[in-house]
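Scroll down for the structure; my scribbles are underneath it.
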Amino acid sequence: MRTIGRRKHLSKNTVSKVVTGTAKEVKGSIWVASNLKPNWGHVLSVDGKLIRVFNPLAKDYVGTSAEKKYQLKKSWIVGVDVLTKDLPHYQVFDGEGKIDLYDFFKTLKDDIGYDLKVLVCDGVPETETAVRMVYGTDVGIQLCVRHFIEMLKVYLRQERKEDRAETENLIITIWSSLGLKRENDCFDALKILTKDPKSRCQKLIVHSLERHIFELTTHFRFQDQYFVPRYNNDVENLFKQVSLRLKSWNMFRNKQSANNYLKAWALHRRFTKFTDCRGHINRLKNGKAPLELAGVDIERIDYLSL
């Protein structure tokens, strides 16, 4: 805001009012789906990002410092289509509870028309519950392997010093086994690892693995139909990009202001061509925007008019 103000010889507040006023009129995800009719895949990467939003009640809130900070948090929930990297839906909610996620998936299905077959997520129980309520039990859920491994590392804090190295090696080997390309090799390796846990922490790790193994290996069951990633990288990379933009913003005035700004940012992202994609498959996306990859002819559209 200050940079634009200096260039145009305007105050920061004047620029801010223009930007927030413009963002208020930006077309949202439902309008894009209804009017541009993108053609997406069937695998969606979903997560929520915490953003700071002003709350007048936080000042006089009686509680811990962490609880007070939480009063200033909202969640921007986003879905990224794995095939095209487009953003079918995005919205600011009060949090990532079951009701918020249910509203997200309900809009995704009924208003956006996204035909979801596999969901890639970080393992929050409310996410699985909400998507099952909306899309039914046939939807596959792939638990992000990285999030699962990070969860296992928590057990290391409880491990005895003499067993720590062995337990750490167990976690690393589980990660390696979950990354094997062939289903039989993956399950054979995990079967050996879970055969004889010694310490209490190792038993907890094995129990957690056995409890989540079905969701950690969903990609194998759909490999003949869709490409299902083992990680939630698509939405996490998106959050890294938006974090750079929000770093100088500090805090939004209210929930609606946050939703308007992020709606504008998302539209800009959907029309921005890729330039730095790497890898045999992803580099083919360079030179094309997410909406182009979803079959929309954006050359005839001035997205600033939206």
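Where a number appears in this text, it was derived from the coordinates with a stated rule and is not lab data. All figures in this text were calculated on a predicted structure; none of them were measured in a lab. So basically every Cβ, Gly included, is an ideal-geometry build from the backbone, and we count neighbours across all protein chains shown.
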(request) Take the Cα radius of gyration of the chain and divide it by 2.2 N^0.38 Å, with N its residue count; two decimals is plenty. (result) 1.13
(message) Defining a contact as two alpha carbons under 8 Å apart and six or more residues distant in sequence, what relative contact order in percent does the chain show?
(response) 23
(request) Among the listed pairs LYS69/LYS288; LYS69/LYS117; LYS49/LYS285; LYS17/LYS247; LYS161/LYS195, give every one whose C-alpha distance is greater than 28 Å. (result) LYS69/LYS288; LYS69/LYS117
(request) Can you check what the Kirkwood hydrodynamic radius comes to for segment 172-306, Cα pairs only, in Å to one decimal? (result) 19.0
(message) To make sure I understand the rule: partners must be aspartates and glutamates, Cα under 20 Å from the Cα of LYS106, and not fewer than 8 residues away in the same chain. Which ones qualify?
(response) ASP47, ASP81, ASP86, ASP94, GLU96, ASP115, ASP122, GLU126, GLU128, ASP138
(message) Report the gain in length on full extension from ALA165 to TYR231: 0.36 nm times residue separation, minus Cα-Cα distance, nm rounded to one decimal.
(response) 21.2 nm
(message) Please compare each pair in LYS153/LYS263; LYS85/LYS181; LYS181/LYS203 to a cut-off of 31 Å on the Cα-Cα distance and tell me which ones are over it.
(response) LYS153/LYS263
(request) Can you pull the one-decimal nm distance between simple spin-label points at ALA189 and LYS12, each 7 Å off the Cα toward Cβ? (result) 5.1
(request) Grab the DSSP H runs of the chain that are 4 residues or longer, score each as -39,500 (n - 2.57), total them, divide by all residues and round the 222 nm result to the nearest 500 deg cm²/dmol. (result) -14500 deg cm²/dmol
(message) Of TRP76, ASN13, VAL43, which is farthest towards the positive pole of segment 11-102's charge dipole, taken about the Cα centre with +1 and -1 on the beta-carbons of Lys, Arg and Asp, Glu respectively?
(response) ASN13
(request) Under a 10 Å cutoff between Cα atoms, tell me which one of GLN256, GLN225, GLN142 has the largest fluctuation in the Gaussian network model of the chain. (result) GLN225
